[in-house]
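S.K.: Take this structure, written in structure tokens, and hold onto it; I'll ask about it next.
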Amino acid sequence: MNNEIPKSDKPIYCPLCANTEMSFYFTSQYNRQGYKNYAYSLYKCDKCFLITIFPPPSNKIYPPSRDEENQYSAAHDFPWNKILLNTIKKYKTSGEFIDIGCNAGYLVQAAQTEGFSSMGVEIDEVAAKEALALKHNVLQGDFLSMNFSKKFDVIVMNHVLEHIPDFSKVPEKLHEMLADDGVIFIHVPHYYGLISTIMKNKWSTLAPFTHVWLFSATSMQKLFKNKFHRITIKTNTATEPHGYGIDLKTNIKTAIIQIANILSMGDEMRVILSKK
Ligand SMILES: [Zn+2]
């Protein structure tokens, strides 16, 4: 067991609050998703409650050599794609659709089937290759440095923002890409949720090996308020598996998930942005 606490030897400043040093908050070891005793510390801004994970992931996108579990996850149609698409359809039922950080492009394909003109962007080469093999309409690269010839009616960033080391250019880029009456859907993990608070270092979604940021509602507002007129923030418990057993543990977990949703303390934050 490695007992060394990872600490930054330089001050870490909050990227959202001028001249505000983030304070040492929490240290632990992560033992899920194939990782053993992965030591990390959390630093938190006392003004906007944005949290950063230290040390920052060595490869900010994915672990340098992806294991079989991750290879599999690239080629997997996640169950929440359908849920997300149903939410989107309450706002838009057709038009130009882009999924930024689309993995193998299953949501892109599903949106196309539902009547959108859809495309995806994926920075990870393994996932983008998988998308190509599946004939999903996906470009490999960093959306921040791409020029798009059209405006989008729907922009999705599903569990992407927490991976981007420098998110300062994101609001401006999204604003530029969005049609005047378009809608943006952003989902991120919510560390201030009930389940994450109870589970602490056992919360799978913390994923300190790949996440740079954990957002609070305040920090999310702060990031986008200058570029978007309407910002809706909700939480939902979606990232921790709900379990399908009938044992006591599953029942307790189900009850906690219901309470968390009532208290707006779900473990996923869902943000909807529009220009007006
Ligand atoms: Zn801050």
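The values are calculated or read from the model by the stated rules, or taken from the named source; none is laboratory data. Here the structure is a predicted model, which means the values were calculated and not measured. Because the Cβ atoms are built from the backbone with ideal geometry, glycine has one as well, and the counts that use them run over all protein chains shown.
S.K.: Considering only residues that are in a loop (DSSP other than H, G, I, E, B) and either among the hydrophobic types (A, V, I, L, M, F, W, C) or free of Cβ contacts under 8 Å to residues at least 40 places away in the same chain (or both), look in the stretch 17-39 and name the one that is nearest to the ligand (Cβ to nearest atom).
M.R.: Once the filter is applied, the top-ranked residue is CYS17.
S.K.: Okay, moving on. Scan the stretch 193-224 for residues that are part of a loop (DSSP other than H, G, I, E, B) and touching a strand residue (DSSP E or B) at 6+ places or on another chain (Cβ under 8 Å) and jot them down.
M.R.: Selection gives GLY193, ALA207, PRO208, PHE209, HIS211, VAL212, PHE215, SER216.
S.K.: Out of curiosity, is LYS234 assigned to a helix (DSSP H, G or I) and among the basic types (Lys, Arg)?
M.R.: Here the answer is no, as LYS234 does not meet what is asked.
S.K.: Given the criteria among the aliphatic types (A, V, I, L, M), surrounded by fewer than 22 Cβ atoms within 10 Å (Cβ to Cβ) and closer than 25 Å to LYS89 by Cβ, does ILE231 qualify?
M.R.: yes
S.K.: List, please: which pairs have Cβ atoms under 8 Å, are six or more places apart or on different chains, and start with a residue in the stretch 140-155 that is in contact (Cβ under 8 Å) with a residue 24 or more places away in the chain and end with one that is exposed (fewer than 15 other Cβ atoms within 10 Å of the Cβ) and of a type in the set (D, E, K, R)?
M.R.: Going by the 8 Å Cβ cut-off, the qualifying pairs are LEU144/LYS169; LYS151/ASP180; ASP153/ASP181.
S.K.: When both residues are 6+ apart or on different chains and their Cβ atoms are under 6 Å apart, which pairs have a first residue that lies in the stretch 247-259 and is in contact (Cβ under 8 Å) with a residue 60 or more places away in the chain, and a second that is part of a loop (DSSP other than H, G, I, E, B)?
M.R.: Correct list of pairs: ILE257/THR237.
S.K.: Another question, if that's okay. Say whether the condition of being within 28 Å of ASN37 (Cβ to Cβ) and in contact with a helix residue (DSSP H, G or I) (Cβ under 6 Å, 6 or more places away or on another chain) is met by at least one residue in the stretch 162-185.
M.R.: Checked against the condition, which is being within 28 Å of ASN37 (Cβ to Cβ) and in contact with a helix residue (DSSP H, G or I) (Cβ under 6 Å, 6 or more places away or on another chain), the stretch 162-185 yields no hits at all.
S.K.: Being in a helix (DSSP H, G or I), modelled with pLDDT under 90 and under 19 Å from the mean Cα position of the chain (by Cα) narrows it down to one of ASN81, ASN86, so name that one.
M.R.: ASN81
S.K.: On the given criteria, is LEU42 assigned to a loop (DSSP other than H, G, I, E, B), surrounded by 12 or more Cβ atoms within 10 Å (Cβ to Cβ), within 16 Å of the ligand (Cβ to nearest atom) and not aromatic (Phe, Trp, Tyr)?
M.R.: It is false that LEU42 is assigned to a loop (DSSP other than H, G, I, E, B), surrounded by 12 or more Cβ atoms within 10 Å (Cβ to Cβ), within 16 Å of the ligand (Cβ to nearest atom) and not aromatic (Phe, Trp, Tyr).
S.K.: Considering only the stretch 127-162, state which residues are more than 18 Å from ILE272 (Cβ to Cβ) and among the hydrophobic types (A, V, I, L, M, F, W, C).
M.R.: ALA127, ALA128, ALA131, LEU132, ALA133, LEU134, VAL138, LEU139, PHE143, LEU144, MET146, PHE148
S.K.: Let me ask something additional. Quick test of your reading of the structure: ASN103 fulfils all but one of (1) at pLDDT 95 or above; (2) outside any strand (DSSP E or B). Name the failing condition by number.
M.R.: Failed condition: (1).
S.K.: If I go through the stretch 171-208 residue by residue, how many of them are small (Gly, Ala, Ser), surrounded by fewer than 21 Cβ atoms within 10 Å (Cβ to Cβ) and under 22 Å from THR87 (Cα atoms)?
M.R.: 1
S.K.: Every residue in the stretch 109-144 that is within 24 Å of THR210 (Cβ to Cβ), part of a helix (DSSP H, G or I) and small (Gly, Ala, Ser), please.
M.R.: Passing the criteria: ALA127, ALA128, ALA131, ALA133.
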